[in-house]
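Everything on this sheet refers to the single structure shown next.
The values are calculated or read from the model by the stated rules, or taken from the named source; none is laboratory data. Here the structure is a predicted model, which is why all the values come from computation and not from measurement. Every residue, glycine as well, gets a Cβ built from its backbone with ideal geometry; the counts of neighbours run over all protein chains shown. The protein model used for the area step is the full one, side chains on, heavy atoms only, and it has no ligands, DNA or RNA in it. Shrake-Rupley method; radii C 1.70, N 1.55, O 1.52, S 1.80 Å.
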Amino acid sequence: MLIVKKFGGTSVANKERIFNVAKRCIEDYKKGHQVVVVLSAMGKQTDVLLDMAKDINPKASKRELDMLLTTGEQTSVALMAMAMDALGVPAVSLNAFQVAMHTTSVYGNSRLKRIDTERIHAELENRKIVVITGFQGINKFDDYTTLGRGGSDTTAVALAAALHADACEIYTDVDGVYTADPRVVKNARKLSAITYDEMLDLATLGAGVLHNRSVEMAKKYGVQLVVRSSLNNSEGTVVKEEVKMEKMLVSGVAVDKNVARIAVIGLQDQPGVAFKLFNHLANHNINVDVILQSVGRDGTKDITFSVTADDCDEAVEIVKRHGEGSLKCQSIDVEKNVAKVSIVGAGMMTNPGVAAKMFEALYDENINIKLIATSEIRVTVIVDLKDVERAANAVHEKFQLGE
Ligand code: ADP
Ligand code: ASP
Ligand code: MG
């Protein structure tokens, strides 16, 4: 069998954990399997590097940031190969250049396009464990790129697809995928299985346990994933196409604290205004999620929307720039201390009462809703950051998702 095993930052945070991971990989190797290991940077190293960059130059270019961030993963793979060697098993570490993991050219948020597999196969044929840097790629300018925060999951799935792996295992610091972040909702329940579609929604709406693009890619190439703990042997969660279970109304609750709300006030109440506003943002690759437009009054209207907190300053700058020109708005109001709570579930489609039930849970807790968005399979609300954990727990409780 060819097995791809991915370990996140906490799983390789120190010497003891590195040896723990090395041993788990060696177990499979000794059974005769071919083992490819994908690693994240140790512990919070990516955050540490970002802070260092910010300290030197708060406006550092995305190219140089990627150059810096890729050192995190390069450190962990080299140390892992050394640990395996110390345990008497031959291993080789490879970075994105050595493998040749080709991505789109955009820095900081690139997409994998193609992975060369010759070098990996050659090393595996030589009975080595191959330890590969997650999160990074190379672009057509021969520069390093990164896949966005949490992107090592996507590296692992892409490698599993390219190598036609028999298994793709994502090891992390929780026992699997839960009905809500177990660090936020104490009685969250571990799921034994979840569909790609539901996992994709949860991941996109803030459940950081898997990078959303890894789920998208797993679905596209039919890679079955297992999410499990690197610290114990409990069974974990299978992510796959179909799950034989009674369809639940709501499968999970997701929380996203990386959110900001921007209100553009006093826009002209005429056709084309929303188009112009969101087109300017799209041209700068800024994703907008929840959108609310007020009823027009005295020839003006307001448009409020949410973006990720990371994009907030750039979004405001763009709106300001055009607000004085083609857009003509009176003012801009920004709120950064907000967060998003979402419920996800395919069963919602045919059940009209679900949104109301979520709002009731928030009302019972006296939590004010700032913005609402719904689709066939999700309801999202934006609330004050200080209320978000209480909101997630109340909603989780209301739908009886716990154990
Ligand atoms: P890694 O470094 O292993 O990639 P991450 O921090 O990226 O780990 O992801 C694991 C974390 O995801 C958990 O510690 C947990 O707090 C968080 N999380 C958020 N939503 C969920 C969920 N629905 N199920 C499990 N974990 C979740
Ligand atoms: N080290 C990167 C990050 O912290 C990638 C990852 O962990 O998946 O975002
Ligand atoms: Mg992660």
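Approximating the spin labels as points 7 Å out from Cα along Cα→Cβ, the ASP85-to-ASP313 distance works out to 4.2 nm. Applying 1/(1 + (r/R0)^6) with R0 = 30 Å to the Cβ-Cβ distance of LYS31 and GLU118 gives a FRET efficiency near 0.75. In the chain, Cα pairs under 8 Å separated by at least six residues give a relative contact order of 13 percent. Helix 62-86 versus the longest principal axis of the chain: what is the Cα-based angle in degrees, 0 to 90, to the nearest 10? It works out to around 30 degrees.
On the chain, 49 percent of the accessible area sits on carbon and sulfur atoms, based on a 1.4 Å probe. A simple spin-label model places the labels of LYS220 and ALA78 3.2 nm from each other, with each point 7 Å out along Cα-to-Cβ.
Along its three principal directions, the equivalent ellipsoid of segment 186-267 from the Cα gyration tensor extends over semi-axes of 28, 16, 14 Å, largest first. With both bridge residues required to lie in the chain, what share of the DSSP beta bridges run antiparallel, to the nearest 5%? Counting DSSP beta bridges with both partners in the chain, the antiparallel share is about 60 percent.
Taking amide hydrogens as placed 1.01 Å from N in the peptide plane, the amide H of SER93 sits under 5 Å from those of VAL131, each at least 5 positions away in sequence or on another chain. Determine which residues of segment 176-195 fall in the zone a paramagnetic label at ASN351 would reach in this model, i.e. backbone nitrogen under 20 Å from the point 7 Å along Cα→Cβ. Hits in segment 176-195 for ASN351 at 20 Å: 178-181, 187-195. Label sites at ASP47 and VAL295, each approximated as a point 7 angstrom past Cα along Cα to Cβ, lie 4.5 nm apart.
Taking the longest Cα principal axis of the chain as reference, the axis of helix 212-221 is set at about 60 degrees.
Charge tally around SER294: other residues with Cβ under 10 Å, Lys/Arg +1 each, Asp/Glu -1 each, net 0.
Taking a ≥ b ≥ c as the square roots of the Cα gyration tensor eigenvalues, with a/c under 1.5 meaning rounded and otherwise prolate when a/b beats b/c, else oblate, which class fits segment 269-403? Since a/c reaches 1.5 and a/b is larger than b/c, the shape of segment 269-403 is classed as prolate. If you sort the three axes of the alpha carbon gyration tensor as a ≥ b ≥ c, you get a/c of 1.5 or more for segment 1-119 and a/b no higher than b/c, which makes it oblate. From the Cα gyration tensor of segment 100-153, with a ≥ b ≥ c the square roots of its eigenvalues, which class applies: rounded if a/c is under 1.5, or else prolate if a/b is larger than b/c, or else oblate? In terms of gyration-tensor shape, prolate. Across segment 164-169, rounded Karplus estimates of 3J(HN,Hα) from the backbone phi angles (6.51 cos²θ - 1.76 cosθ + 1.60, θ = phi - 60°) give 6, 5, 7, 8, 10, 10 Hz, Gly and Pro being marked x. Global dimensions of the chain from alpha-carbon coordinates: Rg and Dmax equal 22.6, 77 Å.
How much net charge surrounds LEU112 when only the other residues with a Cβ under 13 Å from the Cβ of LEU112 are counted, with Lys and Arg +1 and Asp and Glu -1? Result for the neighbourhood of LEU112: +2. With R₀ set to 45 Å, the beta-carbon distance separating ASP166 from ASN283 gives a calculated FRET efficiency near 0.55. Centre-to-centre, using Cα atoms only, segment 85-130 and segment 341-384 are separated by 43 Å.
Per residue, the chain exposes 47 Å² of solvent-accessible protein surface, assessed with a 1.4 angstrom probe and all protein chains in place.
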